[in-house]
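The values are calculated or read from the model by the stated rules, or taken from the named source; none is laboratory data. Computed from a prediction, not measured in an experiment: that's the story for all the values here. Positions of Cβ are backbone-derived with ideal geometry, glycine not excepted, and every protein chain shown enters the neighbour counts. Accessible surface areas use protein heavy atoms only, side chains included; no ligands, DNA or RNA. Shrake-Rupley method; radii C 1.70, N 1.55, O 1.52, S 1.80 Å.
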Amino acid sequence: MSEVLLELDGVTKWFGPVKANTDISMKVNRGEIIALLGENGAGKSTLVKQIFGLITPDSGTITVKGDPTRIKDPRDAIGRGIGMVHQHFQLVPVMTVTENIILGFEPVKGLNLDLDSARTMVVEASDRYGLEVDPDAAIEDLPVGTQQRVEILKALSKKVDLLILDEPTAVLTPQETDELLGVMKALAADGTSIVFITHKLREVLAVADRVYVLRQGRVVGEVATKDTDQAGLATMMVGRAVVLQVDKDEATPADEVLSVRDLVVQDDRKLPAVNGMNLTVRAGEIVGLAGVEGNGQRELVEAIAGMRKVVSGSVHLGTEDVTGKSPHHIHAAGVGHVPEDREKHGLVGGYSIADNLVLNRFDEPEFANRGVRNFGAIDANAEAYVKEFDIRTSGIHATAGSLSGGNKQKVVVAREMSAEPRLLIAAQPTRGVDVGSIEFIHSRIVDARDKGAAVLLVSAELDEILSLSDRIVVVHGGHAVAEMPGAGANRQEIGRLMAGGGH
Amino acid sequence: MERLWEKNRVAVILSAVVIVGMYVFWFMGKARAESMLTSAWGFAVPLILAALVGVVGERSGVVNIGIEGQMLISAFAAFFGAALTGSLIIGVLLGLGAGMLLGGFLAWTAVKLRTDQIIAGVVINIAATGITSFFYKQGQTLPGVFPRWEIPLLKDLPLVGKVFFANGPFALATILIVIVLNYLLFRTRWGLRTRAIGEYPQAADTAGIDVIRMRLVNVTLAGLLAGAAGAFLSMEASSTFERGITADRGFLALAIMIFGAWKPLQAAAAALFFGFAQAIASQLQADKVVDIPQQLINTLPYVLTLIVLAVAAGRVRAPAAEGVPFVKGQG
Ligand SMILES: Nc1ncnc2c1ncn2[C@@H]1O[C@H](COP(=O)(O)OP(=O)(O)O)[C@@H](O)[C@H]1O
Ligand SMILES: [Mg+2]
């Protein structure tokens, strides 16, 4: 009965020696929401980029509404009713929302861009889908959640029958995610088909009708969501049962390693973001910072790591006052930092994986002799970590930028742990990371703790905080509002505290 | 008002300087003021055209440091083309064509072959110096001079009328080109797309824009402006061709482009500012008000360039993707 909107048959794609997609076949019916699940590097983005005409399959056919001719480029794809929201936002930062939405399909009056009717169009679309945006705001001034809305509006502003969403929720807050899932359901009810890539099993079960699971470039399973559950999906993804609950022994906290006293830090707009924060983390314990994003967590972490100016208050590492010291100094004092934005602060995308793995220690005697780099040691170090952390790559000399998100994160985590830090700061360590890698990263964090490191964990995922933390500190409005042991912590209670509902 | 100030700080300062400057000249006496303004404008015209070559290229994401060479070859082709064929028109066409040809060369190597853009530009400059020196012939003259056109009404404006609106074809066209290009860049579909491919080509690509083709076309056509700048130098400003006639204006133009924040109108204002500085220095020298050696006066534009770049640095932002070759499918 239902019309087949998209059909893939035997799609295969190579990137040099890497086979990113192998003989992939799938079907999408009209009005259906399909989830694509798979670890990082499984080939999901590669697959949908071919549907959108950004890259061309080496073999196989993609049939859209019965038409099997090759999709030449994105313009061709858009012409066939395909819209795509990309994993990395495709928005010009210096341009306005309206300009970005009309780019490529600009309404004109004579020679002039017709910005007035474009703005009206944006406002209408924004109302229709309940995606609130300011049509005249510059993209670079907008928070990521809003940029995401712009991306979606951009796709929807053309006539779309098939909407592709590549990890749209990776950067969203829970509220924004729910909003997006609502929009998706409404679109599907109107007959739009959706291909949805995510790592979050909860989201898959909430909106998708069917799921295709990809592993190492192949479809390894297809299942209707009504016939499965989170554990079932997770197992299909990694090919073995995943422990979503972290295995760990009781913590044995020792001396105080980090102590933050009455800290005040400003955000980029020069408004106080951290407001009289007090916090201690002891050796051998994981302290989880729970809070709605934007309550000073980012600024706190950056201040501790020496990346942001401290207005007042102090940060001590053991007995040393490191307030206002440089990131280099703080690293040398024994702090490992897995930053929230791995693309910007965690890696140099154009450098090799080997270089990225010694980024914080390249000048130490182990890797350099009087300023001359010891490539043998650097490569050996890289080979060891690639193996230990199961970093999926074509080789240690491939650029870090070519890795998928989860593998990039493994590089950062491997590097920051390699120096055996006294204090490990892990900010959103598993954001946008696949289930298999999440499990791995979690176990490494617990390992670090067991070896005696103090761990400060910041995460927007309450589940992550609950399963890892020995002690939980709830932040709201830039300071700690509550503290409790991790074991037996009550999710509802924390949720209430995070939302500002104190005692 | 505050917003205007925030967004156009450089333009506002420049305009203020120009206006104040004009009043100063006015009090110096009408004839004197006019002659200084004329000299400033004559100095500014090739700088503006050359800066616009840079603006169009960099807005599209391609750095062009070969403007100097494009101008030099164009000046050469225009002059000898006219001298040898006896036709001014053929000279102009050859000059424009030469500029465009080199623009096409840069576009092809930088965009299609993804050669390093700086190297491609340097190649153009070296080749231009070599070719023009090698084929240079003494004793040629132009078959005639360009007519002086006067724009009715505008030419009667006090002070500026004679200077800007009664002039040779290239100087007049430059005013029009600045205005048209500013309009095209900020008000039309072409402009929006050009700015997009220079800022974030992947975004343009996913929006269905053919980034490669657009860069090829833009950089090639911008060569016409370099051609016009060259032809102006050898046919309108001087009616002679000398070796090194461009005198590094192609590099000065890049500084002007930056000072002008990659905006045509602002770049024109910046070029005029340079012209003024030059004219004032020459005038002071001629009046024997100050006794500065000519050599020092001649370094003025370059000293100014340094100052201007130091001032502009950090206040203006280059197109984000300039100098980076675009490869499809690597979003
Ligand atoms: N442009 C490219 N060049 C080389 N290899 C690539 C490119 N894009 C992706 N890959 C590789 O193809 C594989 C699949 O990547 P991708 O489709 O991005 O995975 P996913 O989206 O499932 O995380 C990975 O091994 C990745 O490194
Ligand atoms: Mg992906």
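Here is how the numbers come out for the structure above:
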quantity	calculated
Number of positions in the stretch B:211-227 that are within 14 Å of chain A (Cβ to nearest Cβ) and open to solvent by 30 Å² or more (accessible area, probe 1.4 Å)	2
Matching residues, the stretch A:88-117, being among the polar types (S, T, N, Q) and facing another protein chain (nearest Cβ under 8 Å)	A:Q90, A:N100, A:N112
Which listed residue is within 13 Å of chain B (Cβ to nearest Cβ) and away from ligand 1 (no atom under 13 Å from the Cβ), from A:I33, A:I62, A:I71, A:I55	A:I71
Which listed residue, of A:V455, A:V433, is over 30 Å from A:L214 (Cβ atoms), open to solvent by less than 10 Å² (accessible area, probe 1.4 Å) and of a type in the set (A, V, I, L, M)	A:V455
Tally, over the stretch B:92-113, of residues that are open to solvent by less than 20 Å² (accessible area, probe 1.4 Å) and out of contact with any Ser or Thr (no Cβ under 7 Å at 6 or more places or on another chain)	3
Whichever residue in the stretch A:189-202 is at pLDDT 85 or above and surrounded by 20 or more Cβ atoms within 10 Å (Cβ to Cβ) and, among such residues, is farthest from the chain's Cα centre (by Cα)	A:T192
Members of the stretch A:84-93 found to be open to solvent by less than 30 Å² (accessible area, probe 1.4 Å) and more than 16 Å from ligand 1 (Cβ to nearest atom), listed by number	A:L91, A:V92
Among residues of the stretch A:269-295, those that are more than 27 Å from A:A254 (Cα to Cα) and not in a strand (DSSP E or B), counted	7
Residue in the stretch B:228-238 that is open to solvent by 50 Å² or more (accessible area, probe 1.4 Å) and over 15 Å from B:F170 (Cβ atoms) present	no
Residue identified as surrounded by fewer than 19 Cβ atoms within 10 Å (Cβ to Cβ) and either of a type in the set (G, A, S) or within 16 Å of ligand 2 (Cβ to nearest atom) (or both) among A:A427, A:A398	A:A398
In the stretch B:52-65, the residues that are more than 11 Å from B:A222 (Cβ to Cβ) and either surrounded by 24 or more Cβ atoms within 10 Å (Cβ to Cβ) or in contact with a Phe, Trp or Tyr (Cβ under 9 Å, 6 or more places away or on another chain) (or both)	B:G61, B:I65
Search result, residues across the stretch A:314-343 that are among the acidic types (D, E), over 16 Å from A:E256 (Cα atoms) and without any contact (Cβ under 8 Å) to a residue 40 or more places away in the chain	A:D341
Residue that is open to solvent by 10 Å² or more (accessible area, probe 1.4 Å), touching a residue at least 12 places away in the same chain (Cβ under 8 Å), small (G, A, S) and within 29 Å of A:L8 (Cβ to Cβ), where the choices are A:A138, A:A186	A:A186
Which numbered condition A:N21 misses (of (1) assigned to a strand (DSSP E or B); (2) within 14 Å of another protein chain (Cβ to nearest Cβ); (3) surrounded by fewer than 23 Cβ atoms within 10 Å (Cβ to Cβ))	(3)
Selection within the stretch A:133-155 - out of contact with any helix residue (DSSP H, G or I) (no Cβ under 6 Å at 6 or more places or on another chain) and more than 14 Å from chain B (Cβ to nearest Cβ)	A:D134, A:L142, A:P143, A:V144, A:T146, A:Q148, A:R149
Pick from the stretch B:174-210, criterion surrounded by fewer than 19 Cβ atoms within 10 Å (Cβ to Cβ) and away from chain A (no Cβ under 11 Å), ranking: farthest from B:R148 (Cα to Cα)	B:I179
Residue list for the stretch A:74-83, filter: touching a residue at least 12 places away in the same chain (Cβ under 8 Å) and either surrounded by fewer than 21 Cβ atoms within 10 Å (Cβ to Cβ) or more than 7 Å from chain B (Cβ to nearest Cβ) (or both)	A:R75, A:D76, A:A77, A:R80, A:G81, A:I82, A:G83
The stretch A:171-225: number of residues that are small (G, A, S) and in contact with a Lys or Arg (Cβ under 7 Å, 6 or more places away or on another chain)	4
Selected residue (only one of B:A277, B:A255 is touching a residue at least 40 places away in the same chain (Cβ under 8 Å) and either crowded, with 18+ Cβ neighbours inside 10 Å or in contact with a helix residue (DSSP H, G or I) (Cβ under 6 Å, 6 or more places away or on another chain) (or both))	B:A255
The stretch B:299-319: number of residues that are open to solvent by less than 70 Å² (accessible area, probe 1.4 Å) and more than 22 Å from B:A44 (Cβ to Cβ)	3
Of all residues making up the stretch A:46-83, the number that are more than 15 Å from B:K328 (Cβ to Cβ) and within 16 Å of ligand 2 (Cβ to nearest atom)	3
Unique residue being of a type in the set (S, T, N, Q) and closer than 30 Å to A:D268 by Cβ when the list is A:T98, A:T120	A:T98
